[in-house]
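Take a look at the structure below.
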Amino acid sequence: MVAESTPQPAITEPGTTSRRRGKGRRRKAPSTGRRVLRATAWTAAGVVVLGGSGAGYLYFKLNGNLHSVDINQALGSDRPSKVDNGSQNILVLGSDTRSGKNRKLGGGTDDGSARSDTAMIVHVYEGHKRASVVSIPRDTLVDRPECTDTKGAVHPAASGVMFNEAYSTGGAACAVKTVESITGIRMDHYLEVDFQGFQKLIDDLGGVRVTTTKDIDDRQSHLDLKAGTHTLDGEQALGLVRTRHGVGDGSDLGRIQLQQAFIKALIEQVKHVGVFTNPKKLYDLADTATKAVTTDSDLGSVNSLIDFADGLKGIGPSRMKMVTMPVRYDPANPNRVLLARTQAQSVWNALKNDRPIPASATKGTATGEAGGVVSAP
């Protein structure tokens, strides 16, 4: 579903000069163009969406780029209750669809299906100055609840299936339903980005600088990096967040550690991109980002994204704690993991009560052995 456009006040076109106001008159509030800028670079996965957008006459085009899905209508009232403590929970998914142009980027067969290659719960604390991010390993064996997708089709429950199959079974609604079933926490919002959108967003940003402490060579994700500092283009960045065989123990857990490190480097990079002084870069970022994401219907307009991102602008890498959902390796299959229930419950309790995640919640759980391999320079 494409979000409908809503008329907005005109904004000064890039390259024109606004008139100075006389002394003693009130300063103008920040323009919608400046506010829209905050709405596009914090994605998940992404990625999480905080950064860029254009100017007034571009508003309708950007609004028309957005796609949204009505999660609330699909799931109805059988969901965890909303917690009224000023916090927010956002499910961020990276889709590994092989259809269209994504087939070349993702490899594999175009069978018309997609799975959630990356899944993160972003908890924004009251006051919106700090956040915790909990990555959910795609290879976790879970009990998927019965769910209804956004087209009204009902999908029966299934036991002992991989977490990422929830998305391929019933799309965004079933992914949200499964996360809420695992955590007991209501997801207030949903953001999704696919291979192509992620790659183009990184290219429009001018790349992202990272430092690697080890060589990474993975033919499956088309990535070959020597140890050192690199400015990754979109293809290399996509390879980095997808690699699982090039470093660590070859598990999805190692890939998650690389993803988390890259996201922090990405957020750091956004702060140094001169979009305010470069109208073309501003527009390119806005156009790409609004095409790249699929949102829940509550975020399905540029205005809604502006308001959402405005509340996240104070959260930088130093105020973001990133952990992996506590899991243990499946003794019956080393390529799968199982929920470490007691420790995971400590994570969910902390988020429900808007408290920091205790270190004990992840101590001794499976990791992936890729920690510290990637960092911001």
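The values are calculated or read from the model by the stated rules, or taken from the named source; none is laboratory data. Since we're looking at a predicted model, the values are computed, not measured. Quick reminder, even Gly has a Cβ in these numbers, built from the backbone with ideal geometry, and neighbours come from all protein chains shown. Only protein heavy atoms, including side chains, enter the accessible area calculation; ligands, DNA and RNA are left aside. Shrake-Rupley method; radii C 1.70, N 1.55, O 1.52, S 1.80 Å.
Of note:
- Residue within region 54-64 that is under 22 Å from the mean Cα position of the chain (by Cα), at pLDDT below 80 and under 15 Å from A289 (Cα atoms) present: yes
- Tabulated pairs, region 137-150, first touching a residue at least 60 places away in the same chain (Cβ under 8 Å), second open to solvent by less than 20 Å² (accessible area, probe 1.4 Å) and in a loop (DSSP other than H, G, I, E, B), C-beta under 6 angstrom, 6+ apart or interchain: R138/F163; R138/N164; T140/F163; V142/F163
- Of all residues in region 292-310, those that are at pLDDT 90 or above, part of a helix (DSSP H, G or I) and not small (G, A, S) total 2.
- Counting the residues of region 147-197 that are modelled with pLDDT under 95, farther than 14 Å from I71 by Cβ and among the β-branched types (V, I, T) gives 2.
- Any chance S251 is without any contact (Cβ under 8 Å) to a residue 60 or more places away in the chain and surrounded by fewer than 24 Cβ atoms within 10 Å (Cβ to Cβ): no
- Residues within region 311-328 that are in a loop (DSSP other than H, G, I, E, B), modelled with pLDDT of 90 or more and either of a type in the set (K, R) or within 11 Å of S68 (Cα to Cα) (or both), tallied: 0
- Residue match in region 329-341 (condition: assigned to a helix (DSSP H, G or I) and either at pLDDT 90 or above or not aromatic (F, W, Y) (or both)): yes
- Each residue in region 173-210 was checked for being open to solvent by less than 30 Å² (accessible area, probe 1.4 Å) and farther than 30 Å from S304 by Cα, and 1 pass.
- Output for region 347-371, where each listed residue is farther than 24 Å from P80 by Cβ, in contact (Cβ under 8 Å) with a residue 60 or more places away in the chain and open to solvent by 10 Å² or more (accessible area, probe 1.4 Å): A366, T367, E369, G371
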